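Have a look at the structure below before the remarks.
The values are calculated or read from the model by the stated rules, or taken from the named source; none is laboratory data. All of these numbers come straight from a predicted model, not from anything done at the bench. Reconstructed Cβ throughout: ideal geometry from the backbone, glycine too, with neighbour counts over all protein chains shown.
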Number of protein chains: 2
Amino acid sequence: MAIDDVLADLRAKIEKNLPDGVTISGVSFEGPQLVLYTEDPKKFADDGNIIRNLAKVLRIRIAVRPDPKVLAEPERSIELIHKIVPADSVISNCYFDPDSGEVIIEAEKPGLVIGKHGDTLREITKEIGWIPKVARTPPIKSKTVKNVRDFMRNNLKERKEILKDVGRKIHRECSHPDQWIRITALGGCMEVGRSCYLLSTPESKIMIDCGVNLGSEDKTPYLYVPEVNHFDELDAIVITHAHMDHQGLVPLLFKYGYSGPVYCTPPTRDMTILLQLDYIDVASKEGKKVPYDSATIEKELLHMIPLDYEEVTDIAPDIKLTFHNAGHIIGSAISHFHIGDGLHNIVFTGDYKYERTRLFDPAVNKFPRVETVVTEATYGNNNGFQTPLRDAERNLQKIIKTTVERGGAVLIPAFAVGRSQEVMIVLEEAIRKGFIPNVPVYLDGMIWEATAIHATHPEYLNSELKKQIFQKGQNPFLSESFRQVDSKDMRDKILEEPHPCVIIATSGMMTGGPVMNYFYKLAPDEKNTLVFVGYQADGTIGRRIQKGWKEIAVGNNNTVKVNMGIETIDGFSGHSDVKQLMDYVKKMQPKPERIYTSHGDEKSCIEFADSIKKKARIDAKPLVNLETFRIL
Amino acid sequence: MAIDDVLADLRAKIEKNLPDGVTISGVSFEGPQLVLYTEDPKKFADDGNIIRNLAKVLRIRIAVRPDPKVLAEPERSIELIHKIVPADSVISNCYFDPDSGEVIIEAEKPGLVIGKHGDTLREITKEIGWIPKVARTPPIKSKTVKNVRDFMRNNLKERKEILKDVGRKIHRECSHPDQWIRITALGGCMEVGRSCYLLSTPESKIMIDCGVNLGSEDKTPYLYVPEVNHFDELDAIVITHAHMDHQGLVPLLFKYGYSGPVYCTPPTRDMTILLQLDYIDVASKEGKKVPYDSATIEKELLHMIPLDYEEVTDIAPDIKLTFHNAGHIIGSAISHFHIGDGLHNIVFTGDYKYERTRLFDPAVNKFPRVETVVTEATYGNNNGFQTPLRDAERNLQKIIKTTVERGGAVLIPAFAVGRSQEVMIVLEEAIRKGFIPNVPVYLDGMIWEATAIHATHPEYLNSELKKQIFQKGQNPFLSESFRQVDSKDMRDKILEEPHPCVIIATSGMMTGGPVMNYFYKLAPDEKNTLVFVGYQADGTIGRRIQKGWKEIAVGNNNTVKVNMGIETIDGFSGHSDVKQLMDYVKKMQPKPERIYTSHGDEKSCIEFADSIKKKARIDAKPLVNLETFRIL
């Protein structure tokens, strides 16, 4: 059936299922959604069940848009919105898109704009005709979030064309007589870095992650092999989370011909844009090859379709995607693919933490159905145990207390996304509860911006934090202890007269970045302490200091003496240790039939697969880069 | 380095290595060869070592062609050729190609035109300037061989362009930093039929076989997957032998965009053309879907590059191919791929017989190097034993003797290629030695034509037959006992008054073809005997008769009573039985590191792999359709 016939068919079904007197003026696929145009938006708004019933009958995501003729004037609309919505919500902006009939309402408390079960939203539609979408006013100003939102608002027309194109492709008819499912490993198997997989059926080709292995020579996945090198033939790209080893080369695909959708969670979208822009900025400053430019990142952004956790979404004629919390970093997603009409279910875990952390709930491992799992195996080797998180926190508090009490400063090199925020939450609580003295916590490098993105998406934090933020109104990221270092002047001033404080600064392995400025100044004084909370790779300055080097080169001919205390705290990892990995698999519901290991060195991938076979009695083996595995 | 620079570089090396006074006027890649143009063809002819030395230094196949200005007039040349070549050779034709400077001399005894170590050929060049190529005058008139040769002669210009294009692609520079080798199974794995593999490296993509699984719905390999569906990106196609399940869909690749070389042995080329033309003819007569037309077969023919056994040939920048005898049917080739400069060696066995048969020497299993083997496993299951060949022959003789002596006719349904000729040789000897009475042996269907192709390529028969043909001048295929049935009239005449005789007729499983005419007439009389020498698939009339059905439907409402004797002789298979398969692997030199099984049902592929692991202590597993295996 041609796509227009599919639409005509759907329209007929919809009209049959609409209550008397409710009419639609058109239907259209836009992205994974079916959009209904109506001259009666008020009637749809009146009865939330109309849409719910239709979605159930048609088994498709549905959105309603008003016909332009029924829309109130924007100025009048703003007035009405402010009348309807409680003042507590603190509306900061309203943006109208006449093309979609949507108004984006930016508010500090989006929940109050939405109302109970969406009551307030429906009330707005009834009054003004426009369909309201709600966004959170970032509680900490985030340049990234602002830029992303501005860019999307300035490119609504193009965006709509893209969504229509995607929508028509998703809903094309399946016609292939064969039935099979394959996974091709394109990177990040028996290694960490450059994660990339292809999931394919006779109908569809989905790429899952497309990372870069950052190093002296950035290593790309095997993107030149014929399985993927005609990028325009891919149906979709799915990003499991925003770390560069999972999304760093997505723009490259756009550079070389891809023009389809990129699915990820909203925080992953924002964080991805931040990290990619930083990546090309740093690369160009270091004189390294810059694989793509910012215009390509913009192109990618325009093609990103954010999906919330638990939202079942058609992404290809025969594939539905559902994201679930992975507990690794903000927005990280366990990606569940339902293939065919009940044919097969595959879970790509991406990176996950199967333990409640300060920031996140443990990774989800309950699904309606699952037969095949591709799991990470970073700490999957038989000795991959980690210090318990609570012990790690106590160690950190003790070190800070001791250092501060002797008048010293604590320097923590940290990667901007994930560990920094975890440590921040620990410190906020410790200061609030008086476990450590109330000293300033300076955040330098991209940490502040990454934190702002966390603060914009509190729905993606764990249930306790959400309660704290939404119900008690205490957002730990807004604590007054945190100070953004936003200029060289400020940095110089902090270092002019070192004082008891905590400094969290990038880069995490001391391969450059502001952390080095602090280090050079603080290293000679034994009052101060350097605390490693993340992995230090061989060859980095971080590793040398960790190993006990007492002199570190500075520039060409100078060295700095390392007299400060050096501590390493294990246990802040965003990855599950071997016990958590095994628990995650063993407690998975339902029990899968087959597990592939990846994202770990050779030993970890092999040993974890062996353990799964022995202890969980599930068929398991490691994926191998460049191999294709048939799972059906 | 650009290809023109490569050529300039080669030319410089050649000129440095040429003896004083010998000059070249140009160099060019044509197919896998480097062609030297010279105004001194006589000097090259004088000293055969010049070319041999150059080939050794440059490690490349070299051909010398005269500059047009030094060529004698064709008429004068023919005179001179007849003067130089012994009259015994019986020259039937000379064809001149001014474009290549070659003259093709067709003779009944090509050996006499070549002379000892090529002496006579060189003598010819010295006298006429033209470079002689020798072809055998088919001792039995073969329409296929004539058509193939005519077609090639009529398309010399286009052929030369194709060869130049192929040559430049083969000799392009390797520049990829990665090093890996993969095999993708596209058909014929865990099943028999539609054999198709892709061998790929970062530089090159070689397709090995592209068969069709003949059946009610002809099944194709998985040609639509991205690994191969951009057919123009393939570097080469290699056909291991001429059965339809190995080459039946090669023209389809040309239909959908492939325009590169097809490598196979000369008999495989002729037989392939014969079988493909028959395939589309039968399909169109039966009202089935015809996958390609004869023009596409012609296109394929123009791109075929025949290679003899043991001829090491560059087929891609990083791959050399060498064919070895496989003993399965005429021209069947064990295909050895040398990858990189000593990087890895892979053998694709295709179908093979590891036993000396009436027609062929046993399959070759000694190679300079081999690490990986992909072997057939047709009879690889633990019970895959067959009757010894000599017992099968004795059984056949006995049945014929008994039947003929009681005045009956023996009807043998047989596939045109392979088994028919094997049985013919057995009968020729039996008649010559008086083991069975001297009765006519009628050959009906494509058998005669297939036999003519065998007779054209005696070099591809076993050493004993070659001796018999070349030294004793006894070509068993020319025996007067054999009678070609070339018209309905003749068939009717034979059947008008059935008499003691042997009839070998297609199709082999009695699914149609002339065998049915004989059967209907001979079946009711118990004097006659029907002898099965090949496998009868379920659902075929052959299988029903074999199972003992006493009435067979004829047309719509009639049936024929089966009173004739029904016999089945096991052991004429062109495939190795399980013992021979295991021997082939165990005695392989050198011992390979890894073996993949294919071309067998699931049980055979799995059990043979298991046996190899246990008995030969070599890592082994079955290939799986649609999976990709990394071998380096």
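With respect to residue A:225, is the statement that it is more than 18 Å from residue A:336 (Cα to Cα) and either more than 12 Å from chain B (Cβ to nearest Cβ) or of a type in the set (Lys, Arg) (or both) true? In short, no. Any residue in the stretch B:591-602 that is assigned to a strand (DSSP E or B), more than 30 Å from residue B:543 (Cα to Cα), at pLDDT 95 or above and among the acidic types (Asp, Glu)? Looking through the stretch B:591-602, none of the residues is assigned to a strand (DSSP E or B), more than 30 Å from residue B:543 (Cα to Cα), at pLDDT 95 or above and among the acidic types (Asp, Glu). Name the residues in the stretch A:84-109 that are under 16 Å from residue A:123 (Cα atoms) and surrounded by 21 or more Cβ atoms within 10 Å (Cβ to Cβ), would you? Answer for the stretch A:84-109, where residues must be under 16 Å from residue A:123 (Cα atoms) and surrounded by 21 or more Cβ atoms within 10 Å (Cβ to Cβ): A:85, A:89, A:101, A:103, A:105. Restricting the first member to the stretch A:196-220 and to residues that are within 13 Å of chain B (Cβ to nearest Cβ) and more than 16 Å from residue A:624 (Cα to Cα), and the second to residues that are in a strand (DSSP E or B) and modelled with pLDDT under 95, the beta-carbon pairs closer than 9 Å and six or more apart or on different chains are A:219/A:213. The numbered conditions (1) of a type outside the set (A, V, I, L, M, F, W, C); (2) modelled with pLDDT under 95; (3) farther than 30 Å from residue B:507 by Cα are all true for residue B:217 except (3). Being part of a helix (DSSP H, G or I) and closer than 30 Å to residue A:484 by Cα is the filter here, so list the residues in the stretch A:142-173 that pass it. Result: A:143, A:144, A:145, A:146, A:147, A:148, A:149, A:150, A:151, A:152, A:153, A:154.
Yes/no matrix, rows are residues, columns are (1) more than 21 Å from the chain's Cα centre (by Cα); (2) among the aliphatic types (A, V, I, L, M); (3) over 24 Å from residue A:244 (Cα atoms):
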position	(1), (2), (3)
A:449	no, no, no
A:463	no, no, yes
A:490	yes, yes, yes
A:497	yes, no, yes
A:505	yes, yes, no
A:519	yes, no, yes
A:527	yes, no, yes
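Residues that are farther than 29 Å from residue B:478 by Cα number at least 2 in the following helices (runs of 4 or more DSSP H) confined to the stretch B:60-134: B:74-84, B:119-128. Scanning the stretch A:341-372 for residues that are surrounded by 24 or more Cβ atoms within 10 Å (Cβ to Cβ) and over 23 Å from residue A:460 (Cβ atoms) yields a single hit, A:346. Annotation: of all residues in the stretch A:2-58 being among the hydrophobic types (A, V, I, L, M, F, W, C) and assigned to a strand (DSSP E or B), the one that is nearest to residue A:129 (Cα to Cα) is A:36. Might you check whether a residue that is among the acidic types (Asp, Glu), away from chain B (no Cβ under 14 Å) and surrounded by fewer than 23 Cβ atoms within 10 Å (Cβ to Cβ) occurs anywhere in the stretch A:266-280? Yes, the stretch A:266-280 has at least one match. Only one of the numbered conditions (1) out of contact with any helix residue (DSSP H, G or I) (no Cβ under 6 Å at 6 or more places or on another chain); (2) assigned to a helix (DSSP H, G or I); (3) modelled with pLDDT of 95 or more is not met by residue A:189, and that is (2). Does residue A:378 meet the test of being in contact (Cβ under 8 Å) with a residue 12 or more places away in the chain, buried (at least 22 other Cβ atoms within 10 Å of the Cβ) and part of a loop (DSSP other than H, G, I, E, B)? Criteria met by residue A:378. For the stretch A:229-238, does any single residue satisfy the condition of being part of a helix (DSSP H, G or I), touching a residue at least 12 places away in the same chain (Cβ under 8 Å) and either away from chain B (no Cβ under 14 Å) or hydrophobic (A, V, I, L, M, F, W, C) (or both)? Yes, the stretch A:229-238 contains at least one residue that is part of a helix (DSSP H, G or I), touching a residue at least 12 places away in the same chain (Cβ under 8 Å) and either away from chain B (no Cβ under 14 Å) or hydrophobic (A, V, I, L, M, F, W, C) (or both). Restrict the check to the stretch A:263-277 and report whether at least one residue is under 24 Å from residue A:202 (Cβ atoms), in a helix (DSSP H, G or I) and of a type in the set (Phe, Trp, Tyr). Within the stretch A:263-277, none of the residues are under 24 Å from residue A:202 (Cβ atoms), in a helix (DSSP H, G or I) and of a type in the set (Phe, Trp, Tyr). A single entry from B:300, B:311 fulfils the requirement of being closer than 19 Å to residue B:143 by Cβ and either within 14 Å of chain A (Cβ to nearest Cβ) or out of contact with any Gly (no Cβ under 9 Å at 6 or more places or on another chain) (or both): B:300. Per the listing B:257, B:248, the residue uniquely within 14 Å of another protein chain (Cβ to nearest Cβ) and among the small types (Gly, Ala, Ser) is B:257. All conditions but one from (1) away from chain B (no Cβ under 12 Å); (2) closer than 17 Å to residue A:261 by Cα; (3) within 26 Å of the chain's Cα centre (by Cα); (4) surrounded by 18 or more Cβ atoms within 10 Å (Cβ to Cβ) apply to residue A:193; the one that does not is (2).
On the given criteria, is residue B:400 under 28 Å from residue B:239 (Cα atoms), outside the structural domain of residue B:330 (by TED's automatic domain parsing), touching a residue at least 60 places away in the same chain (Cβ under 8 Å) and in a helix (DSSP H, G or I)? So residue B:400 does not fit the description; no. Based on this model, can you work out whether residue B:358 counts as closer than 28 Å to residue B:180 by Cα and either out of contact with any Cys (no Cβ under 9 Å at 6 or more places or on another chain) or not assigned by TED's automatic domain parsing to the domain that holds residue B:592 (or both)? Against the criterion (closer than 28 Å to residue B:180 by Cα and either out of contact with any Cys (no Cβ under 9 Å at 6 or more places or on another chain) or not assigned by TED's automatic domain parsing to the domain that holds residue B:592 (or both)), residue B:358 does not qualify. Number of residues in the stretch A:581-632 that are within 14 Å of another protein chain (Cβ to nearest Cβ), more than 28 Å from the chain's Cα centre (by Cα) and not hydrophobic (A, V, I, L, M, F, W, C) equals 1. No other residue among B:139, B:132, B:177 is farther than 30 Å from residue B:632 by Cα and more than 22 Å from the chain's Cα centre (by Cα) apart from B:132. Check the stretch A:27-49 and report whether any residue there is exposed (fewer than 15 other Cβ atoms within 10 Å of the Cβ) and touching a Gly at 6+ places or on another chain (Cβ under 9 Å). Yes, there is a match, as at least one residue in the stretch A:27-49 is exposed (fewer than 15 other Cβ atoms within 10 Å of the Cβ) and touching a Gly at 6+ places or on another chain (Cβ under 9 Å). The C-beta contact set for the stretch A:595-611 (first residue more than 7 Å from residue A:377 (Cα to Cα), second residue in a loop (DSSP other than H, G, I, E, B) and acidic (Asp, Glu), distance under 7 angstrom, 6+ apart or interchain) comprises A:601/A:191. Counting residues in the stretch A:173-184 that are in contact with a His (Cβ under 6 Å, 6 or more places away or on another chain), in contact (Cβ under 8 Å) with a residue 40 or more places away in the chain and within 14 Å of chain B (Cβ to nearest Cβ) gives one or more.
Within the stretch A:73-82, not a single residue is closer than 30 Å to residue A:138 by Cβ, in contact with a Ser or Thr (Cβ under 9 Å, 6 or more places away or on another chain) and touching a residue at least 40 places away in the same chain (Cβ under 8 Å). Among the residues making up the stretch B:126-154, a single one is surrounded by fewer than 16 Cβ atoms within 10 Å (Cβ to Cβ) and of a type in the set (S, T, N, Q): B:154.
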